[in-house]
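Have a look at the structure below, then the notes.
Any read-out appearing in this document is the output of simple, stated calculations on the displayed coordinates, not a laboratory observation. As the structure is a prediction and not an experimental result, all values here were calculated from the model. Counting neighbours? That spans all protein chains shown, and the Cβs are built from the backbone with ideal geometry, glycine included.
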Amino acid sequence: MGADGDSRAPPPAQRSSPRRSPFGGSLAPLAHSGRSARRSPGRPPGRALRTHAALALPGSARPRLPRAGRTRPLALAGAGGPDAARGSRGARAHREPAHAPRGARAGPGLPPGRSPRGPLAGRRPRPARSRGPVAGLLVQRPAAGRCARAAAAPPRGGGSRGLPARRERRRLAAPGRRRAAGAAPRRGKLLQGRPNHRPRPSALAVKSLYREHLDAVAQACAEALDVAAEAGERFEGVVFHAGTPRPYAFDDQFPPFRPVPHFARWVPLRGPGHALVWRRGAEPRLVRYAPRDFWEEPLAEPEHPYAEVLEVACADTPDAVRAAVGDASGLAYVGDDPAWAEALGLSAAAVGPRVLLAALDWQRATKTPYEVECVRRACALAARGHAAVRAGVARGLSERALHRSYLEALGALEHETPYPNIIAWDAMGAVLHYQSKRANPPSPGRTLLVDAGAQAFGYASDVTRTYAREDAHPVFCELLAGLEGLQRRLVAEVRPGRSFVDLHAASFRGVCELLCAYEVLTVSADEAYERGLAFPFYPHGLGHHLGLQVHDVGGQQVDPQGTRAEPPERFPWLRTTRPLAEGHVVTVEPGIYFIPLLLDPYREGEQAAAFNWSLIDVLAPLGGIRIEDDVLVARDGPEDLSRPHVP
């Protein structure tokens, strides 16, 4: 159905328009040896203009070029720019042929036979090789209908402003030298790795959002107490405990600490021992644990207005924290340390009441505007890391080196990301939660899967992109482009009231259609869907709720009391079975993988004939494909929180 919902990949004509590169240029389609409308003046019909033959990583073989309109390389290539508009020497020299007479390159205002002064005076321009920050990699993007940019495609080998690649790299390293002092960056450009995104709210706006958020959380707690009271759990309030650190088994070393999420919803404090007391009809009160310690450095205060909004008391010992909490009679305890609650004088029945926790989980699935802004900021932060990874690919970095580049771009330590980064070359992309991060350079390095996020005030982002090099198998590139289009259509269906189980079923059917369209499966798409033949290629759910936890809570509840909607027998691994509602934030992440462990059982028996084993064996070393974005369910349509930041 193409744009109107068909899961099949659209025909090439619908996806042949250039797309804007995240690096400021255009992502032009690769030409092929057949007839092409893209040809230079004077070139006979039927002779295609090869525009990206130089985009190959060092040491790679001559790339195999897929059909035009199916794949687009990431390259620093753009449509002219200010230099072209002004007729600058660099743009002029690059546009004109190297064999032009000297007088022909004189430029406006100079008599024939005289060349312009400057670094290009009297010299022929050196042929430039096209080297983008992700040289040789293709990003699969469905066409966005921007046909007008086709005529503005840059000369072969040039940069985003029509400059030779060497000068282009210097320009990107110091963009301020090419702009007037105080001039705003051009729209659509990535300068110094900073992603485009909407302006962040001011500190005053964040404070206002946070104040409204606290009111909404207090209201949610009051409703949770009412639900618990109906089940016989009667409390006047709750003490939320950040938690107690615990060492590794039989050791005196501690793993990185993460606070209890129910506490973190109130305040973005790191570290253990804090407590927040909330009573019905009263303002929440925070007791901040700040131990006096010379063994470890005190944790830095977050750049957050919580202290301006909440009543805050400080204590330097656990006993002092409990003393500051005061009389806890009538309170429930939500935390991870029953002994701490017992020392506070609470009974066992008040520690983690089942129905109260279920009601709190139910409420957490609906995000406040403050929480949505936190996820949006986490997506913008993750974009820095993804841009650093793309830049490191051109240098042939290993998985481990790319991982370090990601952390450096975030300014984070490993334990400060919401989950361990997945950075996988080639076949390792088929390991769903691959964590090894090998130190050896990629070999052959034809595909790369990057699944990595960030945190902002305790809230997570979860973003995945897959890339393929020009010399990757054409069918793999087609599957990547098709899955990208399928994922976008699924994002558009994320609406209030929509069943997430139905969305997953639609994604499963879409994967079946892709596998059949490119002859990975040899049966019809309908038969593949009915027989479940896509299971070994797509062995996970479409997505999950996202928030304070990467796999956030409440996704399988159907009511505040904790009644669960079990996944259907056909899709037993679904994390989300709850109908979508306004304010939910979910991931949308279909995938196609070539996993020998799952495929091998199908090599024998009655199902074997439905698989194109010769093609599967060729594609298996390329690993897998996953495209993932974080999506807000809104009344007037879905908002993709991550795509504006991570192209």
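Sequence-ordered 3J(HN,Hα) estimates for the range 251-260 from the Karplus curve with 6.51, -1.76 and 1.60 and θ = phi - 60° stand at 8, 10, 9, 10, x, x, 8, 10, x, 4 Hz, glycine and proline given as x.
Between Leu432 and Arg234, what's the calculated FRET efficiency when r is the beta-carbon distance and R0 is 41 Å? Round to 0.05. Can you show the working numbers first?
On the way: r = 44 Å, r/R0 = 1.07.
After rounding, the FRET efficiency stands at 0.40.
Under 5 Å between amide hydrogens, built in the peptide plane, is the criterion, and for Gly562 it picks out nothing among residues at least 5 positions away or on other chains. The residue list Ala323, Ala348, Val238 was ranked by how far each Cα lies along the charge dipole of the range 203-364 toward its positive end, using unit charges on Cβ atoms, and Val238 comes out on top. Placing +1 on the Cβ of every Lys and Arg and -1 on the Cβ of every Asp and Glu, with nothing else charged, gives the range 369-640 a dipole about its Cα centre of roughly 680 debye.
Classify the range 203-364 as rounded, prolate or oblate from the Cα gyration tensor: take a ≥ b ≥ c as the square roots of its eigenvalues, call it rounded if a/c is under 1.5, otherwise prolate when a/b beats b/c and oblate if not.
On the way: a/c = 1.71, a/b = 1.17, b/c = 1.46.
Oblate shape, in that a/c is at least 1.5 and b/c is the bigger or equal ratio.
3J(HN,Hα) along the range 457-470: 6, x, 9, 9, 10, 8, 10, 10, 9, 10, 10, 9, 7, 4 Hz, from the Karplus curve 6.51 cos²θ - 1.76 cosθ + 1.60 with θ = phi - 60°, whole Hz, x for Gly and Pro. Residues of the range 267-286 falling in the label zone of Thr317, defined by backbone nitrogen less than 13 Å from a point 7 Å along Cα to beta-carbon, are absent.
Taking θ as phi - 60° and the Karplus parameters 6.51, -1.76 and 1.60, the scalar couplings of the range 356-362 work out to 4, 5, 4, 5, 5, 4, 4 Hz in sequence order, x denoting glycine and proline. Distance between the C-alpha centers of the range 487-526 and the range 574-639? Whole Å please. Each part reduced to its Cα centre gives a spacing of 9 Å. Which of rounded, prolate or oblate describes the range 369-640 when judged by the alpha-carbon gyration tensor and an a/c cut-off of 1.5? Oblate, because a/c is 1.5 or more while a/b does not exceed b/c.
Under 5 Å between amide hydrogens, built in the peptide plane, is the criterion, and for Ala581 it picks out Gly497 among residues at least 5 positions away or on other chains.
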